[in-house]
Amino acid sequence: MSYTEDQYNAFEQRMHEAHPEMFAKPYGGFAVGAGWWPIIEALCNNIQSHINFRNSKPDKAIPQVVVHQIKEKFGGLRFYYEGGDATVDGMVRMAESWASRHCEECGKPGTSRSGGWIRTLCDEHEAKRQAQMKTRFGDEDLQKSVLDGMLGEEN
Ligand SMILES: [Zn+2]
């Protein structure tokens, strides 16, 4: 994932300070790329606004949402939690479907990419991933062309 430790810590601190009740239990951190952080932040803001509104009316109170886990699975965002109501369920569904259409690295429009493990990426980050996989696993055609180049005119 393309973010620095400082960037992650700043994001985590901002989220914990804004939503102490939502992140009151161990949940394993934000185990997704930085492209999805704004989606998670908007989701948490909207969930808490909804809860605060409902709980300002004693006859309409709903349980506080507490996050269990936030992760990437099969190229999609997974947001596991307890509490809330059907409206919160809908917000989470919407955030997950929004994430599945936006690059996990940078947040630009993206699609599901197969090969290796499935990820949601924009064209630019998919190209970078392809390049990294060639470097990591070796590319026979590439190695052959380099070898051919080294042999030069002797062929
Ligand atoms: Zn991207």
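Structure notes:
- Qualifying residue in segment 7-24 (condition: at pLDDT below 95, out of contact with any Leu (no Cβ under 8 Å at 6 or more places or on another chain) and within 16 Å of the ligand (Cβ to nearest atom)): no
- Residue check, residue 105 touching a Gly at 6+ places or on another chain (Cβ under 7 Å) and either closer than 28 Å to residue 9 by Cβ or touching a residue at least 40 places away in the same chain (Cβ under 8 Å) (or both): yes
- Residues of segment 53-65 that turn out to be among the polar types (S, T, N, Q) and loosely packed, with under 11 Cβ neighbours inside 10 Å, as a count: 1
- Hey, residue 115 exposed (fewer than 13 other Cβ atoms within 10 Å of the Cβ), modelled with pLDDT under 95 and over 29 Å from residue 69 (Cα atoms) or not: no
- A count restricted to segment 46-60 and to residues that are assigned to a loop (DSSP other than H, G, I, E, B) and either at pLDDT below 95 or under 23 Å from residue 26 (Cα atoms) (or both) stands at 1.
- Subset of segment 22-33 [surrounded by 13 or more Cβ atoms within 10 Å (Cβ to Cβ) and either in contact (Cβ under 8 Å) with a residue 60 or more places away in the chain or in a loop (DSSP other than H, G, I, E, B) (or both)]: 22, 23, 27, 32, 33
- Scanning segment 91-108 for residues that are outside any loop (DSSP other than H, G, I, E, B), more than 9 Å from the ligand (Cβ to nearest atom) and not hydroxyl-bearing (Ser, Thr, Tyr) yields 91, 92, 93, 94, 95, 96, 98, 99.
The values are calculated or read from the model by the stated rules, or taken from the named source; none is laboratory data. No experiment lies behind these values; they were computed from the predicted model shown. Ideal geometry is used to build each Cβ from the backbone, glycine not excepted, and the neighbour counts take in all protein chains shown.
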